[in-house]
Amino acid sequence: MAKIFIKIASVKKQYTNEQGTRQALKGVSLDIYEGEILGLLGVNGAGKTTLSSIIAGIHPATSGDILYQGASIYNDIVDYRRLVGFCPQKPNLDLTLSLEENLFFAGRYYGIPANEVKERMKTLMEQFKLQEYAQAKASVLSGGYKQRFLIARSLIHQPRLIILDEPTVGLDPQIRRELWQHIVRLKASGASIILTTHYIEEAEELADRVCIIDAGEVKVIDTPDNLKKMHNTDRLENVFLALTKQDAKVGYE
Amino acid sequence: MNRRYESYASTVLNLIARDLRIFKVDFWGKFIDSCIMLFSTVVIFSYFLSSYGLRPDFGPFILVGVIAGFGLFDVVGKVASMIGDIEGDKTILYTISLPIPAWLVFAYQGLSWALYSSLLCFLLLPLGKLLLFSQFDLTVINYPKLVLMFIMSNLFFGFFALWLSSVCKRMTRLSHLFVRVINPMYMFGGYLYSWHAVYKLSPVGGYMSLINPLIYVMEGMRAAILGQEGYLPFWFSLVMLMIFTIVFGLDAIRRLKKRLDCI
């Protein structure tokens, strides 16, 4: 059995606005193992992005805790953030800067010496096939390249936990396949990966374990094969449909 | 603990370096805007309006007013960019995900904005000299005081912009900002008159105008550039400005942390 890397214990998230109070997460508990890809699967508004941004240390949980090596991440959230590479759903690049500049500063924010940042930049640019756009401004990139670059940027400080929030949403099938290959390579490097998606085939293809979230609750966590066996089906989609309500929910994401 | 602070400082310095890189891209456009603003104001007040009986020394007086108040006009653009980002791409969340505390992300933003307006504002003084020639005597400037007031006033504008970003809820409300906040603050902030002029007219009015932080920017800058006589004591203005900067800065950080729901 792999070692637990992050333990999420009864995490609740409540949002209050003029319309009232709503619970986006209703006591989520799960473990993330070292070196695994955990697929967070759910319909729009299920709470996937809320959960991943809480795990990334961006937003606080209303209650509950996240433990890293047995201690709450909130004891030293700044140090914890060094472990995490967060790739958000919406590109948040500096559009007036070139890709090289974006990557260079991203590395320097983590205190990596300039020479080392340049070496890592070169490797990442090659790995993600972005060399020809190195001098181009981030604003000129297409959606697929932006997404690819966002993943590259989240890796510059060599994080041990990589959170990819719907990295392939809206991309054409070819680019999706390419990104899948990158994600598999990341796993091979030993990092733990949380992959948020609402594409069932993506979770089935990439995830070691799948966590199905619905209306802020974890419905099930297991390997895709075990889930299919448990529900006596050969398609993960059937498991997903059986466990999630079909009505659209008010979006929290 | 020292290594931790060193690491925070390194991240903040790199964030500022990034902002300066972005600033470089539209520097000339901004500089031309500032020159047009300075030129039109100084020429009209120093040369055209003298035929209406305006004192000849009003030129340097208004020049310092324009330089001192430049940061206030620049505030609107900064607030718009911040609110636009919060309502749109939320690139600020990337900065929040970096290994620095959230309060430092907002404090850095205020500092970066202060630096931005300082760089532009700094170039206006020699341009003012060119426009006013002998009317503007550079030998009476107290340079150490000018540097202090220059830094403090731009810090104030940086954190004031941050505070306005924290209280202005939506982009659609931005149009009110100029009419309801910036313009009254400017007009009643001693841009066209000194504090003593109001006090002579009405002591109550004089005391009331002390709640406007811009009065300290104007009075402090004029005391440093034109000489202390006729203005509020320089050190009093500096300390008051420091207090306003701290109050606006702390409240902005508290509000933005709540609004962006960060740790």
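The values are calculated or read from the model by the stated rules, or taken from the named source; none is laboratory data. Given the structure is predicted, the values throughout are model-derived calculations rather than measurements. Virtual Cβ from ideal backbone geometry, glycine too; neighbours counted across all protein chains shown.
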message = Going by what's in this entry, would A:Gly143 be described as over 25 Å from A:Gly190 (Cα atoms), within 14 Å of chain B (Cβ to nearest Cβ), in contact with a Pro (Cβ under 9 Å, 6 or more places away or on another chain) and not aliphatic (A, V, I, L, M)?
response = yes
task = Working only within segment A:66-78, note down all residues that are farther than 19 Å from A:Tyr15 by Cβ, more than 7 Å from chain B (Cβ to nearest Cβ) and not aromatic (Phe, Trp, Tyr).
result = A:Leu67, A:Gln69, A:Gly70, A:Ala71, A:Ser72, A:Ile73, A:Asn75, A:Asp76
key: Inter-residue pairs, beta-carbon under 8 Å, first touching a residue at least 12 places away in the same chain (Cβ under 8 Å) and facing another protein chain (nearest Cβ under 8 Å) and in segment B:1-19, second of a type in the set (Gly, Ala, Ser) and outside any helix (DSSP H, G or I), 6+ apart   = B:Ser7/A:Gly111; B:Thr11/A:Gly111
query = Any residue at all in segment A:15-23 that is in contact (Cβ under 8 Å) with a residue 60 or more places away in the chain and under 22 Å from A:Pro167 (Cβ atoms)?
reply = no
inquiry  = Name the residue that is farthest from the other protein chains (Cβ to nearest Cβ), counting only residues in segment B:21-32 that are in contact with a helix residue (DSSP H, G or I) (Cβ under 9 Å, 6 or more places away or on another chain) and within 21 Å of B:Phe73 (Cβ to Cβ).
reply    = B:Phe31
key: Residue check, B:Leu63 surrounded by 16 or more Cβ atoms within 10 Å (Cβ to Cβ), away from chain A (no Cβ under 12 Å) and in contact (Cβ under 8 Å) with a residue 60 or more places away in the chain   = yes
key: Some residue of segment A:43-59 being free of Cβ contacts under 8 Å to residues at least 40 places away in the same chain, out of contact with any Asp or Glu (no Cβ under 6 Å at 6 or more places or on another chain) and part of a strand (DSSP E or B)   = no
remark   = A:Gly107: passes all of (1) assigned to a loop (DSSP other than H, G, I, E, B); (2) buried (at least 19 other Cβ atoms within 10 Å of the Cβ); (3) not assigned by TED's automatic domain parsing to the domain that holds A:Val184; (4) not basic (Lys, Arg) but (1)
query = Looking only at residues in segment A:1-42 that are in a strand (DSSP E or B) and basic (Lys, Arg), which one is modelled with the lowest pLDDT?
reply = A:Arg22
key: Where B:Ile36 falls short, out of the listed (1) of a type in the set (A, V, I, L, M); (2) modelled with pLDDT of 90 or more; (3) loosely packed, with under 14 Cβ neighbours inside 10 Å; (4) under 29 Å from A:Lys137 (Cα atoms)   = (4)
message = Quick check on A:Ala152: is it in a helix (DSSP H, G or I) and modelled with pLDDT of 90 or more?
response = yes
message = Suppose we keep only residues that are more than 7 Å from chain B (Cβ to nearest Cβ) and farther than 22 Å from A:Arg153 by Cβ within segment A:52-65. Which one would you say is surrounded by the fewest Cβ atoms within 10 Å (Cβ to Cβ)?
response = A:Ser63
Residue list for segment A:110-131, filter: within 14 Å of chain B (Cβ to nearest Cβ) and assigned to a loop (DSSP other than H, G, I, E, B) = A:Tyr110, A:Gly111, A:Ile112, A:Pro113
remark   = Among residues of segment B:126-171 being among the basic types (Lys, Arg) and over 19 Å from the mean Cα position of the chain (by Cα), the residue surrounded by the most Cβ atoms within 10 Å (Cβ to Cβ) is B:Lys129
task = Could you figure out which of (1) touching a residue at least 40 places away in the same chain (Cβ under 8 Å); (2) facing chain B (nearest Cβ under 10 Å) isn't true of A:Ala152?
result = (2)
key: Filter pass, A:Gly107 being touching a Lys or Arg at 6+ places or on another chain (Cβ under 9 Å) and away from every other protein chain (no Cβ under 14 Å)   = no
request  = Search segment B:91-112 for residues being more than 20 Å from B:Ile246 (Cβ to Cβ) and more than 7 Å from every other protein chain (Cβ to nearest Cβ), and hand back the single one that is farthest from the chain's Cα centre (by Cα).
outcome  = B:Thr95
